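Notes to accompany the following structure.
The values are calculated or read from the model by the stated rules, or taken from the named source; none is laboratory data. These numbers were taken from a predicted model, which means no experiment stands behind them. Cβ coordinates were reconstructed from backbone atoms using ideal geometry, including for glycine residues, and neighbour counts include every protein chain displayed.
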Amino acid sequence: MAHKLYNLPVLSRAALSALRNRTMLAALVWRDAESDFGGTSGHTVTIRRPPTFVAKDFNRATGIQPQDINEFGIPVVLDKFKDVSVVLGSEEILLDLRDFQSQVVTPAIQAIADAMETALVATLDTLPDALTWDAADPLKTITTARMKLNRLGAPMAGRSLVLSPEAAKLILDTDTIRRADANSSGGQALREAYITRLSGFDIYESTSVPEDATHKTAAYAFHREAVSLVSRAPAPPAGGTESSSQSFEGFAIRATRGYSIEKKTDIASWDTLYGAQLLDHRTAEGGKPVRLGLRIGAAAGPQPLRAKK
């Protein structure tokens, strides 16, 4: 049966599925999404950090020691407003839902997914520059990164190490690490980028990680709560245009169907607002910022690689 383009909730859900399956870094950070957001590009939303408490010794003579709930918000600017709109010819309108998703929705959403990955890399690139690769023994660099995250107080669960292709080659050339298949959970991009788990890190490779004379960045070691990706679906447009906003698993997107009277063509449009921000884990306002992640820079100058025995 031909795909009914007026079923916009189906289109928005298909877009969310495509976006989830085409992103890798977005699956490794803390996410917050809402549909039907009333703001616009440049709008600031505030996400709340949970309060921090101290387990105190109980003394029956003095009684309990009540603690205040001290929360403070982290502002995140939704500075990215990404849109992909496509002209629908008669061939696309007659496609069934499965073909429409593979031939139209997925390629369109890939552009939004790429933009999200780029924004996350730019945010991760502002993490403290703490290490450089030991080219002779790259596994030592990983264990040092583990130690530093432990000292920062990062939880053991939810740690990732994202490598540039050059850094991935560095560790894959050792005998200790061999590429392993990811499990069936997560999206397609996440599975295909997975290398292995080592020293408490899930290790991934990403071509988005820069490797040039400016950045000298080869990897990011971080906990999920080091970075926030906040996504909001724009509110339905005025003027009676059909649209549907959906959110799922930290992604939010709006699907809209329109008609160009000038060109006499149908148009399908998908858009989203989002912003990426380093999260601050200091225990009180006014304290020194605490980031649960670090950058690993490329080793200075060419060094011979030596496989571990």
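Would you mind telling me which numbered condition in (1) of a type in the set (Val, Ile, Thr); (2) modelled with pLDDT of 90 or more; (3) under 12 Å from Leu25 (Cα atoms) Val209 fails?
Only one criterion in (1) of a type in the set (Val, Ile, Thr); (2) modelled with pLDDT of 90 or more; (3) under 12 Å from Leu25 (Cα atoms) is unmet by Val209, namely (2).
Does the stretch 121-131 include one or more residues that are surrounded by 14 or more Cβ atoms within 10 Å (Cβ to Cβ), part of a helix (DSSP H, G or I) and β-branched (Val, Ile, Thr)?
Yes, that holds for at least one residue.
Take the residues in the stretch 277-309 that are of a type in the set (A, V, I, L, M, F, W, C) and touching a Phe, Trp or Tyr at 6+ places or on another chain (Cβ under 9 Å), then tell me which one is modelled with the lowest pLDDT.
Among them, the one singled out is Ala284.
Here are some residues: Ala235, Ala255. Which one is surrounded by fewer than 20 Cβ atoms within 10 Å (Cβ to Cβ), touching a Phe, Trp or Tyr at 6+ places or on another chain (Cβ under 7 Å), of a type in the set (A, V, I, L, M) and modelled with pLDDT of 80 or more?
Unique residue meeting the criteria: Ala235.
If you take the residues in the stretch 132-159 that are small (Gly, Ala, Ser), over 19 Å from the mean Cα position of the chain (by Cα) and more than 11 Å from Arg295 (Cα to Cα), which one is surrounded by the most Cβ atoms within 10 Å (Cβ to Cβ)?
Once the filter is applied, the top-ranked residue is Ala135.
Out of the stretch 143-153, which residues are out of contact with any Gly (no Cβ under 9 Å at 6 or more places or on another chain) and of a type in the set (A, V, I, L, M, F, W, C)?
The answer is Ala145, Met147.
So, in the stretch 258-276, of the ones that are aromatic (Phe, Trp, Tyr) and surrounded by 18 or more Cβ atoms within 10 Å (Cβ to Cβ), which residue ends up modelled with the highest pLDDT?
Out of the qualifying residues, it is Tyr274.
Among the residues in the stretch 165-180, are any more than 12 Å from Ile296 (Cα to Cα), surrounded by fewer than 19 Cβ atoms within 10 Å (Cβ to Cβ), among the polar types (S, T, N, Q) and modelled with pLDDT under 85?
Checking the stretch 165-180: at least one residue is more than 12 Å from Ile296 (Cα to Cα), surrounded by fewer than 19 Cβ atoms within 10 Å (Cβ to Cβ), among the polar types (S, T, N, Q) and modelled with pLDDT under 85.
Identify, by number, the condition in (1) at pLDDT below 85; (2) among the polar types (S, T, N, Q); (3) over 19 Å from Val105 (Cα atoms) that Ser245 doesn't meet.
(3)
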